[in-house]
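Step one of this worksheet: look at the structure below.
Only the coordinates and a few stated rules stand behind these numbers; no lab work does. Worth saying up front: this structure is predicted, and the values here are computed from it rather than measured. Every residue, glycine as well, gets a Cβ built from its backbone with ideal geometry; the counts of neighbours run over all protein chains shown.
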Amino acid sequence: MAATNDPFQFQEFEEAANMLEIHRDATTISIEDDGPEPQKQRNAAGFSPDADNDDPHDADDTAELLSGQKKNAPFWTFEYYQKFFDIETHHVKERIFGSMMPWPGKNFIHVYLRRNPDLYGPFWICITFVFAIAISGNISNFLVHSGRPNYRYTPEFRKVTIAATAIFSYAWLLPLALWGLLLWRNNKVMNLVSYSFMEIVCVYGYSLSIYVPAVVLWILPFEWLRWCSVVVALCLSGSVLVMTFWPAVRDDHPKVIIAIMSGIVLLNILLAIGCKTYFFSTPEESHPDDSSPANEAIKAPS
């Protein structure tokens, strides 16, 4: 078969061949040449495509990822606590509902935290609790004394400071003491369930969420309603704490178990009753004023 000319077949042109014959010392670059010579020629021409993309921080991060190691930030830096505020909204809602509706046999840490504690929920729950109890206490005080003729309402801003001190001490300092106690008992007794400090703080913070709606009900001047809400909130909040920390102490000495669990429950009761009695005092019975003109006339000597 006679050879046919393919119009798409590559053909060398005579002009290119003549130019190469004239300029034998010229440098040629092939598009298929991946050797070091083209790269040297590009660098000599001042063209460096990766010069603008060189970042020492990216290089360090890449090296850490390739080595499988990532440096942990110290606990006194913001980078350390940043990961505890990186949480989805639906996870916060799930943990709030889980703390308000505890189920027997369900550990709050194992079911809801799953080794991923957060500080976003506990922080805002404490802030909401502080302002809710301070505002509700002022409104309740106004409703109780509003019928008196000489009563003049003055907002008590000091209640915000007192509420913040009590609530944040309970939600942050008490977990620190409990964490140290459990850590000490874990060193004394083997095979005890251990929790991290952030997990304990997270449990205590979410356990206070039930008190927010209870405090709103305390505005109504009905003592039976207030005490019923106190009992309900105590039972729900205490159940979360007891079911969570029971696995951490059940294999310890019986006296230690009673001491730790009793302390957890009693401090929870002390917080609830203290907030109820201090911020929402019962209406006092109206007594005749000793400085009234009638009493002064009686007290005046004859």
Note down the magnitude of the dipole of the range 78-280 about its Cα centre, charges +1 on Lys and Arg C-beta and -1 on Asp and Glu C-beta and zero elsewhere, to the nearest 20 debye.
380 debye
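When only Cα pairs under 8 Å and 6 or more residues apart are kept, what is the percent relative contact order across the range 78-280?
On the way: 210 pairs, mean separation 62.2, N = 203.
Here the relative contact order equals 31 percent.
By its C-alpha gyration tensor, with a ≥ b ≥ c as the square roots of the eigenvalues, how is the range 134-177 shaped: rounded for a/c under 1.5, else prolate for a/b larger than b/c, else oblate?
The shape class here is prolate.
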Charge dipole (the range 78-280, unit charges on Cβ, about Cα centre) - positive-most of V111, I258, H90
I258
Taking a ≥ b ≥ c as the square roots of the Cα gyration tensor eigenvalues, with a/c under 1.5 meaning rounded and otherwise prolate when a/b beats b/c, else oblate, which class fits the range 78-280?
prolate
Taking the mean number of other Cβ atoms within 10 Å as a proxy for protection, how do you rank 139-150, 229-240, 161-172 from highest to lowest?
229-240, 161-172, 139-150
With the crude spin-label approximation of a point 7 Å out along Cα→Cβ, what separation in nm comes out for S194 versus H110?
1.8 nm
